[in-house]
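Q: I have a structure I would like to understand better, so I am pasting it below and will then ask my questions one at a time.
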Amino acid sequence: MSEKQTATKKSIFDNPFLSTKVKSANAKLFPEGALGYFIGPTLALLANSVLSNYFNRYMSDILNITEWAAEFFNWLPVISVIFVILGNIVVGRLMDKSRTKAGKARPLLLLSVPLSVLALIILFIVSPYANGESEQGQQILLLSMIAIGYNLWFAIAYPFYYTPHAGLVNLSTRNSKDRSLLATISNATALAAMGLTTMILPFFLNLLFVPKLDANGEQIVINNVAQIDMEASFNHWKVFVIALMVITAVGVLIEYFFTRERVTEESFANAIIEKKKAEPLSRQVKVCFKDKFWWIIIIFFFLYQLGGMLKNVSQLYFCSAMFPDESGAYSTAIGGSFSGTLAIIGAIPTALGMVLAWPLSNKIGKGKAILFGAILSAIGGAIGFIKPDNFVVVCVSFAVKALGSTPAMYLSLALLADVLDHQEAMNGFRTDGFTMTIYGAIMAGMTGIATGVLNITLSAVGYSANNITGEAIQTAMTWIFIGGETLCYLVIAIIFIFMGVEKFSGFDKRAIVIDQKAKAEAEGIEYVDPAERMRLEEEQAEKDSEEARKAELKKYCEKKGLSYEEEEAKYEEKLAQKHAAAEAKKAAAEAKKAAAEEEKARRYAALSDEQKAELERKAALAEQAAKERERRTLEEFNRMRESNGRPALDLQEN
């Protein structure tokens, strides 16, 4: 081995115990998709979803902080955005410089666990209770603990989880279909975590916002506002948060062990990455800032997250202010029931959109699917303004917006991966570190910005624990809950008219392979095609898995006094039946396809010579047009490549 192929420095992640449990060369639904990209992240994201949706209400309704520390309430989330952005930059650089067998992103997931637990302990467990009647020292201590815990969570712990989590799709594989599958599942996790906190938890808010009862066991209502037992609620949250700590840790561990960074492994396999330092941040910034597709996707994420967070942080306030119970009383718990119902109704078109998003994108492209979805969401928002105090109208508006948002929700990460591939093809290196830093800052920081907008508005209209409704509050919450997201989708629709990175995807992949081959040749390294390497790797993994299964079966048979040969024969019989069923299904599909082709040929044969000639003429014109589009796209692609000092591609080049 040459000096250029010096072994990577040993690290704790060389320990087999910390190696990925995913052995397949290609991304698969199970276990990688189901465990690593859905169940694990859903559990890991649950705590942040709870904090994003309910911590503000915890401060305003349990601590009644709007009455005795309104400025703190207004500006804490806004000022904290600065630390959130800095935290994401630091984590992004750590990810970019990470060089371990576990990958660039996955090791940072593990570091997020102790940080998350510590932040939750400071926020809820050790913080003292205080309200407007408490001593000043008690109030200052509580506010100090909230400030520390809040920033520890949103500026440190969450970026340590979310930035690498978000980067895993881009690093998982170069196979577009596999990456699209993982992107769809990954985006669904945020929906799942949000669904648990907005569809299920609202119906149990009486456990977290405990009703204040009179001597007869009836809830006390003052000025149509149902009162909360603040100290009891404060203590209930402590128990709830302990459960969140355990769920978060389990979720992160599942995600770590059942994900794999195949793109990072490519460079390891070709001995390129071991000796190469991370691309300087200045070079990454320069590439990103001059890339119009990068700007479009980043502005999209900013608007998508801003609109979504304005809706999420204000949903419970909106429902509590707009919809009373049968007696005319308003409360957090009553609003929670309406909010939960609204979320369930919105989940139906969201689930439908998950099924339709990828077939639609395969026909018209990811960018156009997001464009048309944004237009539909804007229409849905307009419906909500017709009569915002009518729950049926609000539900219709919410459902239409939810359906329109699904392409953005499920396709955007895959489109971001296309942008990063395009940058690599143009410049010879990826900007995952800087891009995911900005992406992570937007995803995490937007919670603070949206919450700040909400809190300043609440203070301006006189909101408090004992004043949760009224004309001014209702108008303000309508504009934040419905209007904010609607305006964001209008802008998204406009900018996505200019999103055209997908037309270069085929050329991007070819250029990346050609560049990798040239780099390996220049450094005297044998180039290994990623697809071939992974095929051989998967074959070996399957062989090892089969040997492990047999060894385990032998051990089991010895322990139970069973015949290994008989048990193995049973297994082989079941396996044969499974293969036979699969072959039968495949044969049936092929027969159906053959019958369709035969019917198509029959209909064609029945046409007149003139009709056949017309069809052939149209087919020839379509083929000619497709070739002309490909030629023009390649010319544009090569102009960009050559402007960056990289060799042009040929149409037939591989």
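Q: Any idea how many residues of the stretch 117-133 are open to solvent by less than 30 Å² (accessible area, probe 1.4 Å) and of a type in the set (S, T, N, Q)?
A: Here the count works out to 1.
Q: Shifting gears a bit: Name the residue, out of 627, 612, that is farther than 30 Å from residue 500 by Cα and in a helix (DSSP H, G or I).
A: It is 612.
Q: Residue check: is residue 539 charged (D, E, K, R), part of a helix (DSSP H, G or I) and modelled with pLDDT under 90?
A: So residue 539 fits the description; yes.
Q: Moving on. Taking residue 509 as the residue in question, decide whether it is at pLDDT 85 or above, under 30 Å from residue 426 (Cα atoms) and part of a helix (DSSP H, G or I).
A: Spelling it out, residue 509 is indeed at pLDDT 85 or above, under 30 Å from residue 426 (Cα atoms) and part of a helix (DSSP H, G or I).
Q: Which numbered condition trips up residue 393, out of (1) farther than 23 Å from residue 195 by Cα; (2) surrounded by fewer than 16 Cβ atoms within 10 Å (Cβ to Cβ); (3) modelled with pLDDT of 90 or more?
A: Result: residue 393 passes all but (1).
Q: Let me ask something else. It is to be established whether one or more residues within the stretch 466-473 are assigned to a strand (DSSP E or B) and open to solvent by 20 Å² or more (accessible area, probe 1.4 Å).
A: yes
Q: List pairs: first in the stretch 595-610 and in contact (Cβ under 8 Å) with a residue 60 or more places away in the chain, second hydroxyl-bearing (Ser, Thr, Tyr) and open to solvent by 70 Å² or more (accessible area, probe 1.4 Å), Cβ under 7 Å, 6+ apart or cross-chain?
A: none
Q: Sticking with this structure for a sec: With respect to residue 460, determine if the residue is among the hydrophobic types (A, V, I, L, M, F, W, C) and either open to solvent by 70 Å² or more (accessible area, probe 1.4 Å) or without any contact (Cβ under 8 Å) to a residue 40 or more places away in the chain (or both).
A: yes
Q: Taking only pairs six or more apart or across chains, which ones have beta-carbon atoms under 7 Å, a first residue in the stretch 498-524 that is farther than 19 Å from residue 263 by Cα, and a second residue that is crowded, with 17+ Cβ neighbours inside 10 Å and basic (Lys, Arg)?
A: What qualifies is 502/366.
Q: Can you pull out the residues in the stretch 348-365 that are under 30 Å from residue 451 (Cα atoms) and either of a type in the set (Lys, Arg) or open to solvent by 30 Å² or more (accessible area, probe 1.4 Å) (or both)?
A: Scanning the stretch 348-365 gives 348, 351, 352, 354.
Q: Kindly list the number of the only condition in (1) in contact (Cβ under 8 Å) with a residue 40 or more places away in the chain; (2) over 14 Å from the mean Cα position of the chain (by Cα) that fails for residue 188.
A: (2)
Q: Something else: If you scan the stretch 82-105, which residues turn out to be buried (at least 24 other Cβ atoms within 10 Å of the Cβ), within 15 Å of residue 281 (Cα to Cα), at pLDDT below 85 and hydrophobic (A, V, I, L, M, F, W, C)?
A: Matches in the stretch 82-105: 95 only.
Q: Does residue 547 fit the bill of being without any contact (Cβ under 8 Å) to a residue 40 or more places away in the chain, acidic (Asp, Glu) and either within 25 Å of residue 302 (Cα to Cα) or open to solvent by 60 Å² or more (accessible area, probe 1.4 Å) (or both)?
A: Spelling it out, residue 547 is indeed without any contact (Cβ under 8 Å) to a residue 40 or more places away in the chain, acidic (Asp, Glu) and either within 25 Å of residue 302 (Cα to Cα) or open to solvent by 60 Å² or more (accessible area, probe 1.4 Å) (or both).
Q: A further question follows. Give the residues of the stretch 319-333 that are touching a residue at least 24 places away in the same chain (Cβ under 8 Å) and crowded, with 21+ Cβ neighbours inside 10 Å, sorted by residue number.
A: 320, 321, 322, 330, 331, 332, 333
Q: Identify, from the list 429, 434, the residue that is touching a residue at least 12 places away in the same chain (Cβ under 8 Å), closer than 30 Å to residue 503 by Cα and outside any helix (DSSP H, G or I).
A: 429
Q: Would you check if residue 83 is in contact with a helix residue (DSSP H, G or I) (Cβ under 9 Å, 6 or more places away or on another chain), over 30 Å from residue 206 (Cα atoms) and not acidic (Asp, Glu)?
A: yes
Q: Related question: So which of 91, 78, 84, 117 is of a type in the set (A, V, I, L, M), within 30 Å of residue 334 (Cα to Cα) and in contact (Cβ under 8 Å) with a residue 40 or more places away in the chain?
A: Testing whether each residue is of a type in the set (A, V, I, L, M), within 30 Å of residue 334 (Cα to Cα) and in contact (Cβ under 8 Å) with a residue 40 or more places away in the chain leaves just 78.
Q: Is it the case, given these coordinates, that residue 242 is within 29 Å of the chain's Cα centre (by Cα), of a type in the set (Val, Ile, Thr) and either open to solvent by less than 50 Å² (accessible area, probe 1.4 Å) or modelled with pLDDT of 95 or more (or both)?
A: Yes; evaluated as a whole, the condition is true for this residue.
Q: Please go through the stretch 203-256 and pick out each residue that is touching a residue at least 60 places away in the same chain (Cβ under 8 Å) and part of a loop (DSSP other than H, G, I, E, B).
A: Scanning the stretch 203-256 gives 208, 209, 223, 224, 227.
Q: Turning to a different aspect of this structure: Among (1) open to solvent by 20 Å² or more (accessible area, probe 1.4 Å); (2) farther than 16 Å from residue 311 by Cα, there is one condition residue 385 misses while meeting the rest; what is its number?
A: (2)
Q: So, residue 261, is that one in contact with a strand residue (DSSP E or B) (Cβ under 7 Å, 6 or more places away or on another chain), over 26 Å from residue 61 (Cα atoms) and either open to solvent by less than 50 Å² (accessible area, probe 1.4 Å) or of a type outside the set (Ser, Thr, Tyr) (or both) or not?
A: yes
Condition check ((1) open to solvent by less than 50 Å² (accessible area, probe 1.4 Å); (2) modelled with pLDDT under 95; (3) in a helix (DSSP H, G or I)) across all residues:
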{"site": "107", "(1), (2), (3)": "yes, yes, yes"}
{"site": "115", "(1), (2), (3)": "yes, no, yes"}
{"site": "148", "(1), (2), (3)": "no, no, yes"}
{"site": "154", "(1), (2), (3)": "yes, yes, yes"}
{"site": "162", "(1), (2), (3)": "yes, yes, yes"}
{"site": "165", "(1), (2), (3)": "yes, yes, yes"}
{"site": "171", "(1), (2), (3)": "yes, yes, yes"}
{"site": "182", "(1), (2), (3)": "yes, yes, yes"}
{"site": "188", "(1), (2), (3)": "yes, yes, yes"}
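Q: Looking at the structure I just gave you, is residue 44 surrounded by 23 or more Cβ atoms within 10 Å (Cβ to Cβ) and of a type in the set (Gly, Ala, Ser)?
A: yes
The values are calculated or read from the model by the stated rules, or taken from the named source; none is laboratory data. Keep in mind that what you see is a predicted model, and the values were worked out from it rather than measured. So basically every Cβ, Gly included, is an ideal-geometry build from the backbone, and we count neighbours across all protein chains shown. Each accessible area value is taken on the protein alone, full model and side chains, heavy atoms only, with ligands, DNA and RNA left out. Shrake-Rupley method; radii C 1.70, N 1.55, O 1.52, S 1.80 Å.
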